[in-house]
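What follows is a short report on a single structure.
Values in this text are rule-based calculations from the coordinates and carry no lab data. Here the structure is a predicted model, which is why all the values come from computation and not from measurement. Glycine also receives a Cβ, built like all others from the backbone with ideal geometry; neighbour counts cover every protein chain displayed.
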Amino acid sequence: MRNWFTNTGGVGLLWSLLFFFSCDTSSSVDPVFKDYFIRYYGEDGDQEAADMLVAEDGKIFLLGTSYKNQSSRVYFIRTNSIGDEEVKIAFESNENEIAADIERIIAGPDAGNYAVLSNAIKNDVDYLIRIRIVNADGEVLFSFDFNRLSSQYANAITPLRDGGYYIAGKTTDIDQQQANPDLTLDTEDLLLIRFNVQREVVEGGTTRIGRSNGGAAIKVFQNDADSDSLSYVGYSDELQANDNIADQNFIFRRFKSDPASVKTRFSGKPDFNERMAASTLSPGGTWLAAGTQSDINNTFNSQRVYVVSLRSQFQQINRDIFLQENRPEVAVNVTPAGSSEFLVLSNVINTANGTRDIVLRKINLNLEYSWPDEKVTFGTPGNDDTGSAVSELPNGDILIAATMDLSNQKKIALIKLRSNGRF
Amino acid sequence: MIFSKRIVLLIFFSAVSRLLYAQKSTDDCEETLNLAATEFNSGRFYNIAKILQPCLQNGFSREQRQRANLLLTQVNLLQDDPVGAENSYLDLLRANPEFVADTARDPIDVVYLSRKFTADPVISAFVRLGGNTSPVRVIHQINPSGEINITNNYSLQPGLLLGGGFDINIRSELALSVELNYATTAYTKKQVKFNLDEKIFTDRQHWLTLPIAVKYTDTKGIVRPYGYAGFALQWLISDNGQIDWTKNDINPIEGQPPISNFIPSPSIDFMEFRNKFNYSVFVGGGVRYKIGLDFLFADLRYSFGMTNLVIPTTTYSSAGPMVEYGHTDDYFRLDNLAISVGYVKPFYKPRKLKTARTRTILKGLSKGA
């Protein structure tokens, strides 16, 4: 019997059958979905992402705006590293608010907590700026507003090493005295507001900068090398020397106490508008800024992503535009990737129906693409999907905070990708 | 018109006369058979073959043919003509493949002879038609919502089953069964998330399956139970899903029902997310009901899906159902419970065995005593 079994190849056949009939179980099927994923967050109504922060312990903070029952509230989510929701809170408010930014507080009595920045609608057209100090569980420890102007709108908050804060934004208060003589109205000015460690506005620290018709401060940076040295970035259509047409350009300034009276570095193509969306400082001390370029008339279909890389003192290394099959594209966010690369997040617009898709690119300082396919795109033609923030994890994995349109309801999404942009 | 009527009448009378002739022929052959039996009982063996020959060529019913060939078998045995006896017995089995010589009824030498032969079908063909339902067994739950404690409620949906196959008989009661089936399967998966929103995913598959089983069948009686176990290769032909969202938001007016908005999706092709080739193991059983030499059967089968239907690397992508509808499939195996009815046509093959099965004769004799 044994000889027969051996001679007929029975042993091999038996092994083959055992292999063939092995059952797929939870221990034999690798749960790859846990490492790279898309996870959705929300409640009743619509929720849109605004910003994202990854804590040192791997916790992920998502900030957004929840719209329901004709009101809007700042929406705070904390997840673990695999996107499981741990905390979800809509902050109470008497006003409708739009979330803007979340940053970790690095010094002062609030150190270790988080600064949440939002813009509260105080009438139909004007905003006040609201800062909440929240702990990791989303409990609001302190809340204070900036409402000195008729209108103020914040883009980003920067916790400072002295325990204070800098807010970058814009005001739309009309300022005829500062009006650029070549412009009909000074409708938007860059706005920088400094708070001290007691969360009080530093007198003289509220700075309305420039004479622009269209401009905004995007973010203030505190340079690592010199704690007294600050930088801010933004865009403005102030006329430059030898410039006859007031087109918007990126602006970069370094300062210590007075952000207005300092040398300005510009970047932009003559006779085109470049509106900065985000800027970042790499660990290597180089900068990358991204914004949306359009023709001087801001024609919808002329919108492109404009990027510029700069050295630490804002000397330009390279600049370029990203073309996407002749579809308009709007820059959203940038973040360093490693020591010398950057991730650029943007939204491309489907001209047929106006919906958007999310686009992510990885580039180096020379603005060369790091990925063979240049970019990854998320979205479907019928849905309006937008990216809001991008971040690189210490191991090179990528996180995107996005707003995804799911069967006509918007939900906040967390997308986690490999360093090559793939799931 | 008149011509047509005449044709119909001609066919009618022709058919009636043929039936009458057949009945007459059978009656005549019964007399012939009785005459042959009388001759046999009188010990006059030599004329029996001649007497039966006309009716054997044309006229005996199946039952009469069986009796005639049994008589001839006995005659040949008594005349010491083993070859003739074997031929007659083979003719007997051709007349009634299920004939089994019995020690209590038949002469012992016929019983011994019968053990050298069998008419067991080598192959039986069958067709089946039925319904099924497919329980989902989750390998890994994948929750596209960041919310934890989201439950996936799977529910059963009906499907169809149509197929056929062959039983290759190893022994009279043991067969290797090979089938080719077409089946539709379906299930639904319901999730409640984002507070009260309800997402229902209905997944429908079309399959071709090749089940191979070892089947044990009772070989006696009108009702014959059987059971089997085996494995099936499964080819997924198509997989289409529909994702229906019902967005339920709490009504700001207290006491009012939630504000609902139902948004169905079109049918979505899920083939790019599925393993096309799968396999399962199954057990089943049923009963066969004898009709003449054939059978009707009712069958119940449970298949255990062995493979993950989902291609793990396709759970997330930059487009598709995940991005458009927030849908991900769990990693899952698909079981199947099928109930079917069918028809079995055994292809009997009377033949001489290489080894006679004579061991059981003494047992039969002792029982008879």
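Couple of notes before you dig in:
- Shape category assigned to the range A:269-417 from the gyration tensor of Cα positions, a/c cut at 1.5: oblate
- The dipole here belongs to the range B:100-203: it is taken about the Cα centre, uses +1 on the Cβ of Lys and Arg and -1 on the Cβ of Asp and Glu, and is about 260 debye.
- The range B:21-85 and the range B:175-194: distance between their alpha carbon centers, rounded to Å: 57
- The stretch between B:ASP269 and B:GLN79, if pulled fully straight at 0.36 nm per residue, gains 60.8 nm over its current Cα-Cα span.
- Selection among B:THR185, B:VAL287, B:ASN76 by position relative to the dipole of chain B gives B:ASN76 as farthest towards the positive end (Cβ unit charges, Cα centre).
- Prolate is the label for the protein assembly as shown, because a/c, from the alpha-carbon gyration tensor with a ≥ b ≥ c as root eigenvalues, is 1.5 or above and a/b exceeds b/c.
- Cα centroids of the range A:294-360 and the range B:235-258: 36 Å apart.
- Here the relative contact order of chain B, from alpha carbon pairs under 8 Å that lie six or more residues apart, stands at 17 percent.
- Given charges at beta-carbon only (K, R positive; D, E negative), |dipole| of the protein assembly as shown in Debye: 5060
- FRET efficiency estimate (nearest 0.05) - Cβ-Cβ, B:SER61 to B:LEU162, R0 30 angstrom: 0.25
- Acute angle (nearest 10 degrees) that the helix A:10-20 long axis makes with the longest principal axis of chain A, alpha-carbon atoms: 30
- Checking every one of the GluC sites (Glu not before Pro) in the range A:62-101 against DSSP loop status and a limit of 13 other Cβ atoms within 10 Å picks out A:GLU92.
- Student exercise, the range B:123-347 dipole from Lys, Arg, Asp, Glu Cβ charges, in Debye to nearest 20: 1000
- Estimated FRET transfer efficiency (A:SER28, B:GLN242; beta-carbon r; R0 51 Å; 0.05): 0.95
- Chain A: projected area of the alpha-carbon convex hull, averaged over directions, in nm²: 26.4
- Span-rule helices in chain B, defined as complete DSSP H runs reaching 20 Å or more along the axis (Cα) with Kyte mean at least -0.5: B:2-41
- In a fully extended conformation the segment linking A:GLU139 and A:ASP124 would gain 2.5 nm over its present Cα-Cα distance, using 0.36 nm per residue.
- Shown is the FRET efficiency for A:VAL54 and B:PHE347, computed with R0 = 56 Å from the Cβ-Cβ distance and rounded to the nearest 0.05: 0.20.
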